[in-house]
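Novice: Pasting a structure here, questions to come.
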Amino acid sequence: MHDSLKMTLVLLIIGALCGALLAAANDVTAPIIAANREAEFLAALEGFFPDVDSFEVEEVGREDFYRCYDACQKLIGIVGQVQADGYGGEIDYDLAVNTAGDIIGMRISAHGETPGIGDVITKPDFQERVIGLNFADPIEDGVDVDAVSGATVSTGGMLTSIRRAMDIIGEHFLEGE
Amino acid sequence: MTTLTQEFTKGIVQENPVFRLILGMCPTLAVTGSTLNALGMGVSVIAVLLCSNIVVSAVRNVVPAKVRIPAYIMIIATFVTIVEMLLSAFAPDLFEALGIFIPLIVVNCIILGRAEAFARKNTIGRSVIDALGIGLGYTLSLTLLGVIREVFGAGSILGYPIMGAAFEPMGVLAVAPGAFITLGILLGLFNYLFKRLGIE
Amino acid sequence: MSLLAIIFVAILADNIVFNQFLGICPYLGVSKRLETSLGMGIAVIFVMAMSAVVTWLVYNYILFPHLVYLRTIVFILIIAGLVQLVETILKKTNPTLFRALGIFLPLITTNCTILGVAILNVQAEHNIIETIVYSISVAVGFTIALVIMAGIRERLDLANVSSLLRGAAVSLVTAGILSLAFMGFKGMMTL
């Protein structure tokens with residue numbers, strides 16, 4: 001009896017100490033992590049819209065869309081953090097669209113595409129095919145833009161996803177602007 | 001009684017966690033696609049191993065033998081979470097790259113193995129030396145694998161291209177099969193080396 | 001995201017051993033004989049499904065959103081406790097099953113697939129159904145990897161392998177070739 005009491009007590013004390021230590025560490029690091037994340041978002045948004053001053057997040061489905069405002073609180077564009085189905089899993093990327101509905105930039109943030117084949121999606125050649133398209137364009141493989149031969153799964157997946165993201169942006173964010 | 005120097009070097013050579021004990025293989029394969037990630041993982045493991053060895057050694061006369069494993073697991077998990085928070089706060093890129101393998105340091109057999117086999121029977125001083133030796137052995141092994149895979153798989157080292165424009169990277173080394181095959185061949189090479197050096 | 005896609009990806013395209021590098025230690029250690037691999041696999045399926053449900057519930061109803069930093073420590077304690085519990089219950093109620101699976105249970109606590117999948121489930125924001133399907137599929141993928149390897153190992157033991165490569169080294173190279181084969185499943189379906 002005495003033994004099991006001691007065992008429980010020791011475990012409880014260790015557990016409490018660990019919990020307290022973690023809570024303290026969390027108190028110190030949590031604000032830094034949050035600030036990092038916000039700075040990172042703002043820096044990424046500035047890459048697309050140099051005049052961006054503040055942003056608002058809205059979740060559509062499971063994806064986040066950022067409304068970007070300039071210093072006068074005027075909407076200058078939308079950045080979607082969206083996903084495409086690639087060859088090696090999901091491709092995470094940012095798609096920037098100005099208020100006229102033109103794609104002005106994209107940035108792949110994470111992908112599992114085969115090096116040397118599917119990773120053309122990260123190269124300027126493929127990105128230039130996409131930049132400048134408007135959400136009124138069809139954005140369809142073989143119609144107004146081509147998938148890269150040899151990497152049709154990766155690039156075709158991207159095109160499908162861009163079309164879908166453009167529909168969301170057009171419907172939720174640009175209508176009535 | 002082994003000297004402190006022996007205690008330190010055993011982790012790098014005779015008891016090298018990767019090439020001799022074949023422990024902690026998951027991160028060894030998973031994060032060695034680039035040198036930087038391999039180094040980052042190694043340093044994280046050193047930090048956790050050092051802290052857990054110190055604490056386990058310090059409480060070795062207090063914790064009843066029957067409940068020592070859950071106690072050690074709690075201690076290790078605490079330090080792993082702290083490392084996770086620090087990386088997330090001060091090295092967010094590395095944190096993203098190492099991903100799930102940071103929380104999984106908890107179940108890295110090396111850490112619990114050293115607590116069980118060494119720290120609970122030895123003084124704090126010796127446990128520190130042991131943690132540094134084993135941790136350094138692990139980091140060196142990971143880095144070696146990372147350098148080989150990055151140089152031949154991507155033609156760069158720590159992100160800087162070194163192989164010249166004519167070099168066609170061997171993409172397979174950067175992906176999963178390359179990890180297994182490189183480690184398998186290295187293991188064979190080290191077996192040969194250890195045999196020649198007469199270390200059994 | 002259809003459940004069928006989760007099953008396909010978790011078992012084949014993103015096989016936990018060949019593609020995600022989890023559970024390598026039991027993979028190298030246990031897969032020496034076909035029978036033991038199957039036993040280990042079944043034990044893992046059982047524990048994985050249970051621990052995934054419990055950790056999911058605890059995370060979403062207790063830890064989220066203010067105590068998420070306790071995730072790792074709480075998950076590993078839940079898993080260790082569950083393994084202990086299963087061991088005790090099996091011993092008392094079903095000694096036959098206990099004899100078959102018993103030796104594998106203590107090994108499972110340090111099997112990184114269990115903690116890995118618990119964390120992946122909450123990171124991917126799976127709902128409870130997706131959690132159950134994903135966890136069982138991953139464990140089935142693990143079992144398949146183990147069984148394939150055990151079959152090869154039984155034959156490899158008869159082959160003339162250099163003494164330097166025997167054991168872990170040749171197993172790793174074999175795993176590399178298998179992983180290359182499993183890469184073929186990528187691109188057939190994605191999540």
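Novice: Any idea which residue in segment C:82-122 is nearest to the other protein chains (Cβ to nearest Cβ), counting only those that are of a type in the set (Ser, Thr, Tyr) and farther than 30 Å from C:Val68 by Cβ?
Specialist: C:Thr88
Novice: Then there is this: Name every residue in segment A:40-61 that is in a loop (DSSP other than H, G, I, E, B) and either within 14 Å of chain B (Cβ to nearest Cβ) or not aliphatic (A, V, I, L, M) (or both), in order of residue number.
Specialist: A:Phe49, A:Pro50, A:Asp51, A:Asp53, A:Gly61
Novice: Here's another thing I want to ask about it. Go through the residues of segment B:153-169 one by one and say whether even a single one is modelled with pLDDT under 90, part of a helix (DSSP H, G or I) and more than 14 Å from chain C (Cβ to nearest Cβ). If you could, list the steps in order and put the result at the bottom.
Specialist: Looking only at segment B:153-169, we keep the residues that are modelled with pLDDT under 90, and these are B:153-169.
Cutting the leftovers down to part of a helix (DSSP H, G or I) gives us B:153-154.
Next, only the ones that are more than 14 Å from chain C (Cβ to nearest Cβ) stay: B:154.
There is at least one residue in segment B:153-169 that is modelled with pLDDT under 90, part of a helix (DSSP H, G or I) and more than 14 Å from chain C (Cβ to nearest Cβ).
Novice: On to the next question. Please state which of the following conditions B:Tyr138 fails to meet, knowing it meets all the rest: (1) more than 14 Å from chain C (Cβ to nearest Cβ); (2) surrounded by fewer than 24 Cβ atoms within 10 Å (Cβ to Cβ); (3) over 13 Å from B:Ser52 (Cβ atoms).
Specialist: Unmet for B:Tyr138, out of (1) more than 14 Å from chain C (Cβ to nearest Cβ); (2) surrounded by fewer than 24 Cβ atoms within 10 Å (Cβ to Cβ); (3) over 13 Å from B:Ser52 (Cβ atoms): (2).
Novice: Ok, one more. Out of all the residues in segment B:98-126, which are within 14 Å of chain C (Cβ to nearest Cβ), crowded, with 19+ Cβ neighbours inside 10 Å and of a type in the set (Gly, Ala, Ser)?
Specialist: B:Ala115
Novice: OK, next. In segment C:123-137, is there at least one residue being within 14 Å of chain B (Cβ to nearest Cβ), acidic (Asp, Glu) and either in a helix (DSSP H, G or I) or buried (at least 19 other Cβ atoms within 10 Å of the Cβ) (or both)?
Specialist: no
Novice: Can you tell me how many residues within segment A:89-108 are outside any strand (DSSP E or B) and more than 14 Å from chain C (Cβ to nearest Cβ)?
Specialist: First, pick out the residues of segment A:89-108 that are outside any strand (DSSP E or B): A:89, A:99-101.
From the residues that got through so far, the ones that are more than 14 Å from chain C (Cβ to nearest Cβ) too are A:99-101.
Summing the residues that are outside any strand (DSSP E or B) and more than 14 Å from chain C (Cβ to nearest Cβ) in segment A:89-108 gives 3.
Per-residue answers, yes or no, for (1) in contact (Cβ under 8 Å) with a residue 40 or more places away in the chain; (2) more than 21 Å from C:Gly184 (Cβ to Cβ):
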{"residue": "B:Ser141", "(1), (2)": "yes, yes"}
{"residue": "B:Ile148", "(1), (2)": "no, yes"}
{"residue": "B:Phe167", "(1), (2)": "no, yes"}
{"residue": "B:Met170", "(1), (2)": "no, no"}
{"residue": "B:Ala174", "(1), (2)": "yes, no"}
{"residue": "B:Leu183", "(1), (2)": "yes, yes"}
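Novice: Right, something else. Please give the number of the condition A:Arg37 fails out of (1) exposed (fewer than 13 other Cβ atoms within 10 Å of the Cβ); (2) farther than 30 Å from A:Ala71 by Cβ.
Specialist: Looking at each condition in turn, A:Arg37 falls short on (2).
Novice: Does segment B:85-97 hold any residues that are more than 7 Å from every other protein chain (Cβ to nearest Cβ) and either touching a Phe, Trp or Tyr at 6+ places or on another chain (Cβ under 6 Å) or in a helix (DSSP H, G or I) (or both), and which are they?
Specialist: Residues satisfying the conditions are B:Leu87, B:Phe90, B:Asp93, B:Leu94, B:Phe95, B:Glu96, B:Ala97.
Novice: Are there helices (runs of 4 or more DSSP H) fully within segment C:30-112 with at least 1 residues that are within 26 Å of A:Gly19 (Cα to Cα) and among the polar types (S, T, N, Q)? List them.
Specialist: Once the helices (runs of 4 or more DSSP H) in segment C:30-112 are filtered for at least 1 residues that are within 26 Å of A:Gly19 (Cα to Cα) and among the polar types (S, T, N, Q), what remains is C:34-58, C:71-93, C:105-109.
Novice: What's the number of the condition C:Tyr59 fails, among (1) in contact with a Lys or Arg (Cβ under 9 Å, 6 or more places away or on another chain); (2) free of Cβ contacts under 8 Å to residues at least 24 places away in the same chain?
Specialist: For C:Tyr59, the failing item is (2).
Novice: Next up: Assess whether A:Glu40 counts as being of a type in the set (Asp, Glu), out of contact with any helix residue (DSSP H, G or I) (no Cβ under 6 Å at 6 or more places or on another chain) and assigned by TED's automatic domain parsing to the domain that holds A:Arg163.
Specialist: no
Novice: Looking at segment A:64-88 only, could you name the residues that are crowded, with 20+ Cβ neighbours inside 10 Å, of a type outside the set (Phe, Trp, Tyr) and assigned to a loop (DSSP other than H, G, I, E, B)?
Specialist: A:Gly86, A:Gly88, listed by residue number.
The values are calculated or read from the model by the stated rules, or taken from the named source; none is laboratory data. This one's a predicted model, so the numbers in the text were calculated from it and none came from an experiment. Quick reminder, even Gly has a Cβ in these numbers, built from the backbone with ideal geometry, and neighbours come from all protein chains shown.
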